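*Asks:* Here it is, the structure, as structure tokens.
The values are calculated or read from the model by the stated rules, or taken from the named source; none is laboratory data. Since the model is a prediction, treat every value here as computed from it, not as a measurement. Positions of Cβ are generated from backbone atoms using ideal geometry, with glycine treated the same way; all protein chains shown enter the neighbour counts.
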Amino acid sequence: MIEISSVWGIITVNLLVVDPIRKKGGNLRSFEMGTTFKRGKKWGINYTDPSGRQVRKLISSYKESAENVLKKIETEIVEGKYFDIQKAKSILFEDFAKLYIENYVKLENRNLRNNHGLIKNLVNHFQGRTLDKIDNLAIRQFMAKRREKVSPATVNRDYSQLKGMYNRAIEWGMFFGMNPTKGIKPLPENNERCRWLTIEEQIRLLSFCSGHTWLIVLIALQTGMRWGEIVKLKWRQSQLSHYVDFNTGNIVIHSSLAKTKESRYIPMTNVLRLALRDVPKNPDHDYIIVNPETKKPLNNIRKSFATALKKAGIDDFKFHDLRHTFASTLVRNGVDLFKVQKLLGHTTPKMTQRYAHLAPSDLKEAIEKIDIQKDNLLYNSKFSDETSEKMDSRQKHSGMTVEVDSRLRGNDSVGVGNDGGSVGNEDSGFRRNDNASAGNDSGKDLAQI
């Protein structure tokens, strides 16, 4: 309905629509046109629906797209079809989950295995509800229920997954309104776990592993690669894949499959290079580690890994701790944190800082550099007499002190050499055992691969 009025010669045209939720008396209410706005790099629309609820949401990076969406909605409101269309677009959560997996997870080359597990948990809780029936409170209740069984980090992964699904629903025009996850803060996490193995424990663990388990554990200990990166490793370079490059001696992690979406290059140790060369290649596929029954990448080694840990007498240890072991071994052998960060693929130094305490000698040396001023700093203090007595005592025995000090320094240097030799022997022993193990297992256990 159109209402035309004239005031001082100015003609005003108002669009009048029948309010679906009428007050008694059936009064007509004038419809106000919506507006567009810009937030950051995106354009959005702002309008009031027939029920009087204000709707404000981001649409596109282009103003024209936002204006077109707004015009379409205004037409639906004027024609009285707004609620019918919204109802028709309301889709069950489990049905949208299928669309999300097919048209986003697979298309964008996301981690299908991890995403599928997260989505399955969400579907089990929200199935039977349409997208518009899941509000902020329902999501908070879901998070509280999950927290009773899993860690805060796992709850946050569920929350992030749900938030992403609603973002896609809004983008695809299958959900109108504000993302119901807005305003919910992730739970505080404590992921500073740093469990690692000594060289002796590493050797003992490998001695109780065989076949696929032995090779996977060795790769994790020698490269610090994540589980998903190891099982997707290929012999040759191919599109969107991790691969082993024997020419350069590197393992290449492709950015598309990396957790941080950044490529990285990990030099192979001699132990790992020899072990990989002994692994037989399968002409039917290019993956290094394959399930012999399904001929597909291996899903897990939970049982065999748990058995090996038990036999090795290692408690409270997870597969991801092999990655911590790799980093810890580097830091304890004097590798600086920046290089460790690059090898692990951390985008920021924050995650790598958890290993800083493993190199306390560096901090001690730094403090000792300012300790040379102690005599001047203590001058004319209440400790000066005591200090003077100690100084006199030192001077009396200066010859002995110099001699002892030189001997200690000599012993220290020898100690370092011995330690270095010890470390070298341990490392070489580790390599010999591994080479022997690699040779034996390659003929016995790795033949199963």
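*Asks:* Which one is nearest to LYS182 (Cα to Cα) among residues in region 93-145 that are surrounded by 13 or more Cβ atoms within 10 Å (Cβ to Cβ) and touching a His at 6+ places or on another chain (Cβ under 8 Å)?
*Replies:* Once the filter is applied, the top-ranked residue is PHE142.
*Asks:* Go through region 257-275 and give me each residue that's aliphatic (A, V, I, L, M) and part of a helix (DSSP H, G or I).
*Replies:* The answer is VAL271, LEU272, LEU274, ALA275.
*Asks:* Next up: Under 9 Å by Cβ, and 6 or more places apart or on different chains, what pairs join a residue from region 42-57 that is over 14 Å from LEU70 (Cα atoms) with one that is outside any loop (DSSP other than H, G, I, E, B) and at pLDDT 80 or above?
*Replies:* Within 9 Å, the pairs are LYS42/LEU58; LYS42/ILE59; LYS42/SER60; LYS42/ALA66.
*Asks:* When you scan region 45-78, how many residues do you find that are of a type outside the set (D, E, K, R) and part of a helix (DSSP H, G or I)?
*Replies:* Residues that pass the stated criteria total 9.
*Asks:* List the helices (runs of 4 or more DSSP H) that sit entirely inside region 182-256 and contain at least 1 residues that are exposed (fewer than 15 other Cβ atoms within 10 Å of the Cβ).
*Replies:* 199-207
*Asks:* Any chance you could count how many residues in region 150-171 are of a type in the set (Gly, Ala, Ser) and either surrounded by 18 or more Cβ atoms within 10 Å (Cβ to Cβ) or not in a helix (DSSP H, G or I) (or both)? Spell out how you get there, then give the answer.
*Replies:* In the first step, residues of region 150-171 are kept if they are of a type in the set (Gly, Ala, Ser); the result is 151, 153, 160, 164, 169.
From what's left, either surrounded by 18 or more Cβ atoms within 10 Å (Cβ to Cβ) or not in a helix (DSSP H, G or I) (or both): 151, 164, 169.
So the answer is 3.
*Asks:* Next up: Can GLU293 be described as within 21 Å of the chain's Cα centre (by Cα), more than 16 Å from GLN237 (Cα to Cα) and of a type outside the set (S, T, N, Q)?
*Replies:* no
*Asks:* Taking into account only those residues within region 67-104 that are under 14 Å from MET174 (Cα atoms) and of a type in the set (Val, Ile, Thr), which is modelled with the highest pLDDT?
*Replies:* In this case the residue turns out to be ILE91.
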